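> Provided herewith is a single structure, encoded as structure tokens, for subsequent inquiry.
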Amino acid sequence: MITLNGQPIISGDLPGLIVVGSGLLLVLIVLLQTLRATTRAARMVAPMQAQIGQLGANIQALSDGQHHLSGGLHHVSEAQASAQARMLTLMEQRLAEVSRGMTETLHGTATRTARSLGDLQQRLETIDKAQANIEKLSGNVLGLQDILSNKQTRGAFGEIQLHDIVLKALPSDAYTMQATLSNGRRADCLVHLPNPPGPIVIDSKFPLEAYESLRRAENQSQQIEAQRMMRIAVRSHIKAISERYILEGETADGALMFLPSEAVYAELHANFPELVRDGFTAKVWIVSPTTCMATLNTMRAVLKDARMREQAGAIRKELAALYADVDRLGTRVESLDRHFGQAAKDIEDIKISADKAGKRARRLDNFDFEELAPDAPSRVVPLKPLI
């Protein structure tokens, strides 16, 4: 029998003991393995606990990061919302400015377009008026060509133009249109200038055919022929005027040949100076509408001077009467001045008398009765009592 602490634990025979021992051994082995497994499990639990702690720290860090990330996302969301709001505000302002600018631009464009259309309308109206004037002028040019194509009508045209110029430059009693001279010739205009130089004749001539031939000349031979025709025409006019309208003792010793065309006048002075000299020699001065007006204005000054000389006697008489009137006026002014002087002296005497009277009145006003002496004889007459 086997006892443990005085207590029997195994009794019986050996085989039973062996079995018991084997069982105990087996239990012991199991306990050892269990202890070894527990130790190994404890050794394995420590790293696992460390890993779990690290994992917890990581999870905490991850949680903190997630928290910070959530706050950052919140700030980002707020910033994005604020940025979107500002962007929307800026976009609205920009759209408003663009809309306003487009409205102003469209309004200005519409205004400019309307103004341009108005100007275009006015220009079209001006063009229409100009077209009408051109058509009218074309008709007038055609009519003028018809007039100038005939010698008689051309002569009448020159006479009418001369009459208009003379009418504007001279008084009506200083000239005579279509005046008949003593030789029976009729002058287009006779200006009544005093002697000297005496009445002077203005005759209208228009060498149109020669001038047009000169303008239409296409080669040298045609030009030479046209120049010859021009010289012949102008010289014949100069000779006719010199022989018909320069009469000794009746007219001036010269006359004027009126060319109703500035172009013909310019052509003569530019390319035919010998014709102008021939006119000077024959005392026939060639004038155009412009130079004729200047010459007539000079004649008007001569007429005015002559009329002033004619009226010199009457002017002297009127001046003498004016001098007498002025002398008489001076005498009357002197008389009036004497009257004014006497009146002033009387007024001064009146002022002196008034001053004296005023002084006496002031002395009476300041007179004191108590200052009289008591023994002074009284000059007051006593009053008698009434009965």
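Just so you know, all these numbers are worked out from the coordinates, no wet-lab data involved. Please read all numbers here as calculations on a predicted model, not as lab measurements. Note that we place each Cβ from the backbone using ideal geometry, even for glycine, and neighbour counts take in every protein chain shown.
> Given H placed 1.01 Å from N in the peptide plane, which residues other than close sequence neighbours of residue 179 have an amide H under 5 Å from its amide H?
Under 5 Å from the amide H of residue 179 lie the amide H atoms of 187, 189, 190, each far enough along the sequence or on another chain.
> While we're looking at this one, here's another question. Using modelled backbone amide H atoms (1.01 Å from N, in-plane), which distant-in-sequence or interchain residues come within less than 5 Å of residue 198's amide H?
none
> Follow-up question, since we're still on this one. For segment 159-177 and segment 296-356, compute the distance between their C-alpha centroids and round to whole Å.
Using only Cα atoms, the two centres lie 43 Å from each other.
> If you don't mind, another one. Taking H placed 1.01 Å from N in the peptide plane, check which residues at least 5 places from residue 254 or on another chain put their amide H under 5 Å from its amide H.
For residue 254, no residues qualify.
> Going by how many other Cβ atoms sit within 10 Å of their own, how do 97, 267 line up, fewest first?
On the way: 97 10, 267 19.
With the sparsest Cβ surroundings first, the list reads 97, 267.
> Hey, another quick one. How large is ³J(HN,Hα), in whole Hz, for each residue of segment 253-264 in order, when computed from phi with the Karplus curve 6.51 cos²θ - 1.76 cosθ + 1.60 and θ = phi - 60°, using x for Gly and Pro?
7, x, 8, 10, 9, 8, 9, x, 9, 5, 5, 5
> Another one. What's the exposure ranking of 276, 30, 234, going from fewest to most Cβ atoms within 10 Å? Walk me through the numbers before you get to the answer.
On the way: 276 15, 30 10, 234 25.
The most exposed by this proxy come first: 30, 276, 234.
> Quick one: if you take sqrt(5λ) for each eigenvalue of the C-alpha gyration tensor of segment 180-301, what semi-axes come out, biggest first, whole angstrom? Please list the in-between numbers first.
Details: eigenvalues 166, 44, 25 Å².
Three semi-axes, in Å: 29, 15, 11.
> What number in nm² do you get for segment 160-242 if you take the convex hull of its Cα atoms and divide its surface by four?
On the way: hull surface 28.1 nm².
Computing the convex hull of the Cα atoms and averaging its projections yields 7.0 nm².
> Also: Within the set of other residues whose C-beta is less than 14 Å from the C-beta of residue 331, count the net charge using Lys and Arg as +1 and Asp and Glu as -1.
With Lys, Arg at +1 and Asp, Glu at -1, the net is -1.
> Mind pulling up the Rg/Rh value for segment 316-357? Radius of gyration and Kirkwood radius, both on Cα. Don't skip to the end; give the middle numbers.
Values: Rg = 18.3 Å, Rh = 12.7 Å.
Rg/Rh for segment 316-357 comes to 1.45.
> Neighbour counts of other C-beta atoms within 10 Å: give me 206, 340 arranged from fewest to most.
Working: 206 20, 340 10.
The most exposed by this proxy come first: 340, 206.
> Then there is this: What length, rounded to one decimal in nm, is gained on full extension from residue 97 through to residue 69, with 0.36 nm per residue of separation minus their alpha-carbon distance?
Details: separation 28, 0.36 × 28 = 10.08 nm, distance 4.02 nm.
Here the segment from residue 97 to residue 69 would lengthen by 6.1 nm.
> Between the alpha-carbon centers of segment 188-205 and segment 32-111, tell me the distance in whole angstrom.
119
> To continue, here is another question. Under the Karplus relation 6.51 cos²θ - 1.76 cosθ + 1.60, θ = phi - 60°, what is the ordered set of whole-Hz ³J(HN,Hα) values for segment 163-168, x standing for Gly and Pro?
These are the phi-based 3J(HN,Hα) values: 4, 5, 5, 5, 4, 7 Hz.
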